[in-house]
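This report refers to the structure that appears directly beneath it.
The values are calculated or read from the model by the stated rules, or taken from the named source; none is laboratory data. Keep in mind the model is a prediction, meaning the values are calculated, not measured. For neighbour counting, all protein chains shown are included, and Cβ atoms are generated from backbone atoms with ideal geometry for every residue, glycine included. With ligands, DNA and RNA removed, areas are computed over all heavy atoms of the protein, side chains included. Shrake-Rupley method; radii C 1.70, N 1.55, O 1.52, S 1.80 Å.
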Amino acid sequence: MSDMGIQQNWKVTIGKDNPIKRYNGYAMFPFLVFDNWYTPEEEKIVWKELDFLSTKPKDEMHRAENTIVARQKDGTSKSKAFRFYIEELYKNRNTSPIIKYTYKQRSPEFHKLIENNCMPFARSFVTSNTDTCFVSYYEEKDHYKPHHDVSLWTCLIWMVREPRLFNGGDFKLNEPDVEVKLKNNRMIMFPSCFLHSVSPVSFHTQPTEIGYGRYCITHFYNSEGKDV
């Protein structure tokens, strides 16, 4: 892996999996990790939105187990977590700061990073023209077993309050066997076909209110109405 600095105080880690595994000179499982994804002001605003989403009583919140989610052969859910479907909450999706801040993923600088480091998969991202978004929230024993997404590209942004009241909740790309530690305001970007998972959350200090677990903002990218 290598690090580089970029605008907005990003710190970018370029994942290259096992250097022996190559396809026409490209890494077979390329991915990018961005620390300081949101600017300090954006981060404050995103936390306000996450707190707003979390005001609903737990027994009225969606659970991943009861929604359209990756499932095992016996039909049981691979995910245990709360879900917030942002686009159900706003008449205009761009009212959401989380949605509005996807300007970062649309920027030429971001596209160039994907193109330079994630070929040949990069082609499907730079030509994508639609996105969807939801937020997952993990508390005690919540996790996500190895699965792949049905979109083209997956963008995950992790938000967690410090000092942390739990252990676990770390992310893993299962096929190249690479673990990426959970960190507040960290983003990971990878082709959706890669198997990935989240280790169980275990509180060492029981919180008195919701919001001290693991938040994950998910953006899926796809292409619609384009000629092949």
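Across the options Gly225, Thr55, Gly211, the greatest Cα extent toward the positive end of the charge dipole of the chain (unit charges at beta carbon of Lys, Arg, Asp, Glu) belongs to Gly225. Here the spin labels are modelled as points 7 Å beyond Cα on the Cα-Cβ line, and at Arg123 and Thr205 they lie 5.1 nm apart.
Per-residue ellipticity at 222 nm, computed for the chain from helices alone with -39500 (n - 2.57) per DSSP H run of at least four residues, works out to -4500 deg cm²/dmol.
Sequentially through segment 39-46, phi angles give Karplus couplings (6.51, -1.76, 1.60; θ = phi - 60°) of 5, x, 5, 4, 4, 4, 5, 5 Hz, Gly and Pro residues having no value and appearing as x. Expressed as a whole percent, the accessible surface of segment 52-162 that belongs to carbon and sulfur atoms is 54, based on a 1.4 Å probe. Computed with a 1.4 Å probe on the full set of protein chains, the accessible area for Phe220 sits at about 40 Å². Taken about its Cα centre, the chain carries a charge dipole of roughly 220 debye when the Cβ of each Lys and Arg holds +1 and the Cβ of each Asp and Glu holds -1. In this rough spin-label picture, where each label sits 7 Å from Cα along the Cβ direction, the Ile45-Arg71 distance is 3.9 nm. For segment 128-138, 3J(HN,Hα) computed residue by residue from phi via the Karplus equation (6.51, -1.76, 1.60; θ = phi - 60°) reads 5, 9, 9, 8, 10, 8, 8, 10, 9, 9, 9 Hz, glycine and proline entered as x. Decide, for segment 46-123, between rounded, prolate and oblate: order the square roots of the alpha carbon gyration tensor eigenvalues as a ≥ b ≥ c, take rounded if a/c falls under 1.5, and otherwise choose prolate if a/b is larger than b/c, else oblate. In terms of gyration-tensor shape, oblate.
Both radii were evaluated on the Cα set of the chain; the Rg over Rh quotient, with Rh as the Kirkwood radius, amounts to 0.94. Close amide-amide hydrogen proximity is noted between Met28 and Tyr23, each under 5 Å apart and 5 or more residues distant or on a separate chain (H modeled in the peptide plane; Pro and chain starts excluded).
Accessible surface comparison of Phe52, Phe203, probe 1.4 Å, protein chains only, largest first: the order is Phe52, Phe203. Projecting the Cα atoms of Ile86, Pro97, Gly169 onto the dipole axis of the chain, where Lys and Arg carry +1 and Asp and Glu carry -1 at the beta carbon, places Gly169 farthest toward the positive end. Under 5 Å from the amide H of Gly15 lie the amide H atoms of Phe31, Leu32, Val33, each residue being 5 or more positions distant or on a separate chain, with H modelled from the backbone and absent for Pro and chain starts. When the listed pairs Lys73/Lys100; Lys91/Lys181; Lys56/Lys91 are checked against a 29 Å cut-off, the alpha-carbon distance exceeds it for Lys73/Lys100; Lys91/Lys181.
Computed over protein heavy atoms with a 1.4 Å probe, the accessible surface of segment 87-228 works out to 47 Å² per residue.
If the segment from Asn116 to Glu162 were pulled out straight at 0.36 nm per residue, it would be longer than the present Cα-Cα gap by 13.2 nm.
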